[in-house]
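Below: the structure, in structure tokens.
The values are calculated or read from the model by the stated rules, or taken from the named source; none is laboratory data. None of the values given here were measured: they were computed from a predicted structure. Cβ placement follows ideal geometry from the backbone for every residue including glycine, while neighbour counts extend to all protein chains displayed.
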Amino acid sequence: MNKILVPVDFSEHAAYALEVAAKLAKDFNSEILVLHMMGLSEAYLTKSESEEAAEAHFYMKLAKKRYETFLDKPYLKGVKVTEMVQNYKIFSEINELAKERNIDLIIMGSHGASGVSEIFVGSNTEKVVRTSDIPVLVIKKPTPSFSPELVVFACDLRVESIKAYHTARALFDKLNLKLHLVYVNLPNEEFMSTGEVKKKADLFLKVAHNGELPSNTEIIYVSDYSIEGGIFNYANEVNADLIAIPTHGRSGIAHFFKGSIGEDVVNHAKLPVITFRV
């Protein structure tokens, strides 16, 4: 892992993400790129060129001033940090920047705290997740000693998901994580018998690992009323440190996070979540 991108708005949640990035940067001798999106309003965009230039210069100086305080953290000592300020108009531009700079991981803070449906929906974090081809790690609370041991990966056991699974495995192997692949069986038209689920899992393993399950990996089948409920309940049960979710662009987050779920699951929404594009 050579480069980590941390989009920031200078909030406390952005600081949570930065601290995790610093921990990983020290572990892997990585560089951190910190990106602030000015997000100037539509009114700004209708101004004359001279007015635009003057206001852009003002906001640029303001952002650099805020960086001085925001980056003055003891945990960044010894870490190479590069500051960036951009006025991106669409969040897919972050994905383009990440690819241009050969970013290996994006880490973001999320303000979602009152419910799972609010972790991503309507937030800037969701917009980045939806448009990113690069894994996005979402941090929702202070995690100064980020050293996960067990990750729960929401897996539909479809062959189409193997690319995302392999991307995830490459990162998890670097972090030396134990991996639980969790398939949630739903009580609807998609319900399958135990035999059918095992047959599907066998095909998945045949393509992904030539039929052999790696020693640090388990496949778990759970039954629940929703995918998100099953994943969070299982993560709670095994005291997982991290939840991994494959996404499908605009439809991915809606597929895994829709509707409300129980209070016990909402409490575990504070677990770090990492997403991988299918």
So which helices (runs of 4 or more DSSP H) are wholly in the stretch 1-99 and hold at least 1 residues that are out of contact with any helix residue (DSSP H, G or I) (no Cβ under 7 Å at 6 or more places or on another chain), surrounded by 14 or more Cβ atoms within 10 Å (Cβ to Cβ) and at pLDDT 80 or above? 12-28, 49-70
Residues being in a loop (DSSP other than H, G, I, E, B) and in contact with a strand residue (DSSP E or B) (Cβ under 7 Å, 6 or more places away or on another chain) - total across the stretch 215-238: 3
Could you pull out every one of the helices (runs of 4 or more DSSP H) wholly within the stretch 123-214 that has 3 or more residues that are in contact (Cβ under 8 Å) with a residue 60 or more places away in the chain, surrounded by 21 or more Cβ atoms within 10 Å (Cβ to Cβ) and not assigned by TED's automatic domain parsing to the domain that holds F28? 162-174
